[in-house]
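Q: Okay, handing you the structure first.
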Amino acid sequence: MRRLFLVFLFLIVSPFSFSKENISWKNLLPGLQQTTWVGKDSQGSPVTLELFKIDPKQFRLELVQAQDFGQTKITAKEMVQKTGGLLAVNAGFFDPGFKPLGLLVKNGQQLNPLRSVAWWGIFSLDKWSGPEVSRPEEFQMRPSTELAIQVGPRLVDNGKPLPVKHNDSQKTFIGITKDHQIVLGVTELCAVDAVDFAQILSRDLQLKEALNFDGGSSTQLYGKISSYQKDLPGITAVANGVVVVRR
């Protein structure tokens, strides 16, 4: 009896979390789901994430640059309106003049070169092999590479949170589940530390891989799918983003 009591006490007071995915996803379209996740960071502050789970066999991600439309900068809402896509978020880094920083690939064509930054990663979507998050030195571009974006830091690798520097800000991210679905999301009107964020994505969302997109004042999302509509504008427009479109 004493042993059972001690085990019970350990489970209550233990600092470790024994979490598993218990997220309720809402079907917006076949192969496209949405949820709003609400939790807390390590300091007990609330964290809200607007999330989408995407079947890459039914939908693809399309890289959109402001310069595609003769602009220097663009918002997520404009990306959806100008492309006819379903939803959009900001993506890669850019300099003060809104010139992109890091590798950008669209439909097998390199639009911007790779940068040698060890803590950045590359999210890529291949028509045949699906989504992947890789280190810059591991990435291989193919004619079937539909999209690749170099940004960072990498947050989750093989289901485990990676060591990252503390950075308290709004976040935009992309991840991959164990069954090769894509999860795209942003923080909703809240800041979260990068260390806590990596923990949330691995522990609570159960992602296998995750990569941080540009965040802070760039973080933004716009979606208009049937009766669902969400507009989380950023403080600033951005140089590029990704739009979800049907295959």
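The values are calculated or read from the model by the stated rules, or taken from the named source; none is laboratory data. Remember, it's a predicted structure, so these values are computed and weren't measured experimentally. Note that we place each Cβ from the backbone using ideal geometry, even for glycine, and neighbour counts take in every protein chain shown.
Q: Pairs, please: C-beta under 6 Å, at least 6 apart or cross-chain, first residue within 10 Å of LYS77 (Cα to Cα) and in region 210-230, second of a type in the set (Lys, Arg) and part of a strand (DSSP E or B)?
A: From region 210-230, the pairs are GLY223/LYS230.
Q: Further question: Does GLY216 satisfy the criteria of being closer than 17 Å to VAL89 by Cβ and surrounded by 21 or more Cβ atoms within 10 Å (Cβ to Cβ)?
A: The answer is no for GLY216.
Q: Residues in region 154-181 that are surrounded by 23 or more Cβ atoms within 10 Å (Cβ to Cβ) and closer than 23 Å to THR75 by Cα: how many?
A: 5
Q: How do the strands (runs of 3 or more DSSP E) wholly within region 35-137 filter down when requiring 1 or more residues that are among the acidic types (Asp, Glu), under 29 Å from LYS178 (Cα atoms) and touching a residue at least 24 places away in the same chain (Cβ under 8 Å): which remain?
A: 46-54, 59-65, 130-134
Q: Would you mind finding the one in LEU201, LEU184, LEU211, LEU147 that is surrounded by 20 or more Cβ atoms within 10 Å (Cβ to Cβ) and in a helix (DSSP H, G or I)?
A: On inspection, the qualifying residue turns out to be LEU201.
Q: With respect to GLY102, determine if the residue is surrounded by fewer than 17 Cβ atoms within 10 Å (Cβ to Cβ), touching a Leu at 6+ places or on another chain (Cβ under 9 Å) and either at pLDDT 95 or above or on the phi < 0 side of the Ramachandran plot (or both).
A: So GLY102 fails the test.
Q: Does VAL156 fit the bill of being in contact with a strand residue (DSSP E or B) (Cβ under 8 Å, 6 or more places away or on another chain), farther than 28 Å from VAL80 by Cα, in a strand (DSSP E or B) and touching a residue at least 40 places away in the same chain (Cβ under 8 Å)?
A: yes
Q: Follow-up question, since we're still on this one. So, in region 219-247, exactly how many residues are among the β-branched types (Val, Ile, Thr), surrounded by fewer than 20 Cβ atoms within 10 Å (Cβ to Cβ) and not in a strand (DSSP E or B)? Explain how you work it out, then say what you get.
A: Keep residues of region 219-247 that are among the β-branched types (Val, Ile, Thr), which gives 219, 225, 235-236, 238, 242-245.
Those still in the list that are surrounded by fewer than 20 Cβ atoms within 10 Å (Cβ to Cβ) too: 225, 235-236, 245.
Filter once more, so that each one left must be not in a strand (DSSP E or B): 235-236.
Residues flagged as among the β-branched types (Val, Ile, Thr), surrounded by fewer than 20 Cβ atoms within 10 Å (Cβ to Cβ) and not in a strand (DSSP E or B) within region 219-247 amount to 2.
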